[in-house]
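*Asks:* Just dropping this structure here.
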Amino acid sequence: MKRHWPVAMAQSTPDTPRLRVIKPWRATYSPALSVTAGQRVTPGRVDDEYPGWQWVVAANGLGGWVPAQIVAGGTITEDFDTTELTVVPGDSLSPLAHRLGWSRCRMASGQEGWVPDMCLAPF
């Protein structure tokens, strides 16, 4: 089931959506890649497991998965941070954005990052 969370939200209140973690996830890449609009990258392959994500490598040699739609001829078209969260079942998260089967969330600690939708369920 696809989830489409709002792109940005205020701090959580009883009226704002919450997600609970139902399956553990460990952040995959450290350090994470952060790219900005106009930045040149070397595009790589498109992911088979998560369609729509493309591997890119920045000039400093750091690589990461970004939405393929933000890569145009080796140039990034919008800011994107690839930080993932490490989560365990029972964690409560605030959804911030949704892209291609992943949700960007905020933990109670304030840490933000991406988690695959398969690990999440609404409260």
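Taken together, the values in this text are just the output of simple stated rules run on the coordinates, not laboratory data. These numbers were taken from a predicted model, which means no experiment stands behind them. So basically every Cβ, Gly included, is an ideal-geometry build from the backbone, and we count neighbours across all protein chains shown.
*Asks:* Under the Kirkwood approximation for Rh and a Cα-based Rg, what ratio Rg/Rh is obtained for the range 4-123? Provide the component values of the computation, followed by the final result.
*Replies:* Numbers: Rg = 14.6 Å, Rh = 14.9 Å.
Over the Cα atoms of the range 4-123, Rg/Rh equals 0.98.
*Asks:* Stretched out fully, how many nm does the piece from GLN111 to THR77 gain, at 0.36 nm a residue minus the Cα gap? Before the final figure, lay out each step's value.
*Replies:* Working: separation 34, 0.36 × 34 = 12.24 nm, distance 2.50 nm.
Result for the pair: 9.7 nm of gain on full extension.
*Asks:* Report ³J(HN,Hα) in whole Hz for each residue of the range 34-45, in order, from the Karplus equation J = 6.51 cos²θ - 1.76 cosθ + 1.60 where θ = phi - 60°; Gly and Pro get x.
*Replies:* 10, 10, 10, 4, x, 5, 7, 9, 9, x, x, 6
*Asks:* Could you give the radius of gyration (one decimal) and Dmax (whole number) of the Cα atoms in the range 34-81, in Å?
*Replies:* Here Rg and the maximum Cα pair distance are 9.5, 27 Å.
*Asks:* Using a Gaussian network model on the chain with a 10 Å cutoff between Cα atoms, which of ASP48, ASP79, ASP91 fluctuates the most?
*Replies:* Of ASP48, ASP79, ASP91, the Gaussian network model singles out ASP48 as fluctuating most.
*Asks:* At what distance in nm do the modelled label points of ASN60 and ALA37 sit from each other, each positioned 7 Å from its Cα along Cα→Cβ?
*Replies:* 2.2
*Asks:* A further question on this structure: Along the range 94-103, what does the Karplus equation 6.51 cos²θ - 1.76 cosθ + 1.60 (θ = phi - 60°) give for ³J(HN,Hα), rounded to whole Hz, x for Gly and Pro?
*Replies:* Calculated HN-Hα couplings, in order: 9, x, 10, 7, 9, 8, 6, x, 10, 10 Hz.
*Asks:* List the residues, sorted by chain then number, that are 5 or more residues from ARG18 or on another chain and whose placed amide H is less than 5 Å from its amide H.
*Replies:* So ARG18 has HN proximity to PHE123.
*Asks:* Mind giving me the nanometre distance, one decimal, between the label points for ASP47 and THR86, set 7 Å out from Cα along Cα→Cβ?
*Replies:* 1.9
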